[in-house]
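Visitor: Before I ask anything, let me first share the structure, which is written out below as structure tokens.
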Amino acid sequence: MQTTYFRNQLHLCRGKVVYFILFSVLFCVQANAQDRGMIFHKSGSDDQWISYGFFLAAHNSSLRVKYSDAFLNPDAPDINNVRAIMPVFSPGFALGFLVTGRIHDQMNVLFTPKVGFYEHRTEIQLFSDDANAPGGLGISTVPLFTEETLVEFPVLLKYKSQRFNNTRMFFMGGLNGQIRTKNQEEADEDDVVLRGRDVALELGMGFDFYFQFFKFSPEIRFSHGLTNLYREGFADSRFDGAITDIRRKSITIYLNFQ
């Protein structure tokens, strides 16, 4: 597949998206069901110029692969007997700190340094001779795995709705600088070799829920890498000539406490 469409990403991670929506709806229903005399919580007050917190996150991540023109040309000879190269979404987790700066009652700037643990799985489909297959031609699948730990430095703008009782909805977006912890010499031994530095575009949405002693903010965020990470000549030899571009992408559920 040359391009992964947004709807396909939602389909691959539909479980997390559904759970996030149900979780948020339940909180909203609970908040609206309370009487007008409910307590207006000041925890995680939005009036502070700078506030702090922490978060836990679970993500599904994958690689976005772009095939070369030679591989897509049906008249060109087969490239290393490869039928397809298919990245697969794999789970992981992250944790970090949350620093919030107040610009306006409905606008914040966020700095959320974190450590993320990722596993990238890629399947290569190869043509192979198989006497049991029709015409003597079969397809074999070879899985490749790459694990990496990233230190990330997202800087985001957060736009919030006006507060309704103890609830707010928000949208956010920004850039995320990523640095891999292992050096390039070690990474060159991986099945899929990637460069160590990246910048990703991040967009997300969520809700702020104010409780007596803290503010809880569940959030879903989409991340798309902007840098070509492919090191031609270092990855699996079956990649040679078949692809020209590899980028990271992920869908993450954040549980923010402030």
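The values are calculated or read from the model by the stated rules, or taken from the named source; none is laboratory data. The structure displayed is predicted, hence computed values, not measured ones. Note that each Cβ is placed from the backbone with ideal geometry, even for glycine, and that neighbours are counted across all protein chains shown.
Visitor: Residues to consider are SER161, SER90; find the one that is within 30 Å of ILE39 (Cβ to Cβ), among the polar types (S, T, N, Q), touching a Lys or Arg at 6+ places or on another chain (Cβ under 6 Å) and at pLDDT 90 or above.
Guide: Values: SER90 fails: within 30 Å of ILE39 (Cβ to Cβ).
Of the residues listed, the single one that is within 30 Å of ILE39 (Cβ to Cβ), among the polar types (S, T, N, Q), touching a Lys or Arg at 6+ places or on another chain (Cβ under 6 Å) and at pLDDT 90 or above is SER161.
Visitor: So ARG180 fits all but one of (1) basic (Lys, Arg); (2) in contact with a Gly (Cβ under 8 Å, 6 or more places away or on another chain); (3) over 28 Å from GLY233 (Cβ atoms); what number is the exception?
Guide: ARG180 satisfies all of (1) basic (Lys, Arg); (2) in contact with a Gly (Cβ under 8 Å, 6 or more places away or on another chain); (3) over 28 Å from GLY233 (Cβ atoms) except (3).
Visitor: Mind listing whichever residues of the range 112-144 are among the hydrophobic types (A, V, I, L, M, F, W, C) and at pLDDT below 90?
Guide: Hits for the range 112-144 are ILE124, LEU126, PHE127, ALA131, ALA133, LEU137, ILE139, VAL142, LEU144.
Visitor: What pairs come out if I take residues in the range 228-242 that are under 20 Å from GLY196 (Cα atoms) and pair them with residues that are among the hydrophobic types (A, V, I, L, M, F, W, C) and in a loop (DSSP other than H, G, I, E, B) whose C-beta lies under 6 Å away, six or more apart or interchain?
Guide: ARG231/VAL193; PHE234/VAL193; ALA235/VAL192; ALA235/VAL193
Visitor: Could you tell me which of the residues ILE79, ILE103 is among the hydrophobic types (A, V, I, L, M, F, W, C) and part of a loop (DSSP other than H, G, I, E, B)?
Guide: Residue meeting the stated conditions: ILE79.
Visitor: Would you be able to say whether some residue in the range 44-61 is on the phi < 0 side of the Ramachandran plot, surrounded by 12 or more Cβ atoms within 10 Å (Cβ to Cβ), assigned to a loop (DSSP other than H, G, I, E, B) and modelled with pLDDT under 75?
Guide: yes
Visitor: Now for a separate question. Is it true that some residue in the range 177-194 is in contact (Cβ under 8 Å) with a residue 24 or more places away in the chain and under 30 Å from ASP46 (Cα atoms)?
Guide: yes
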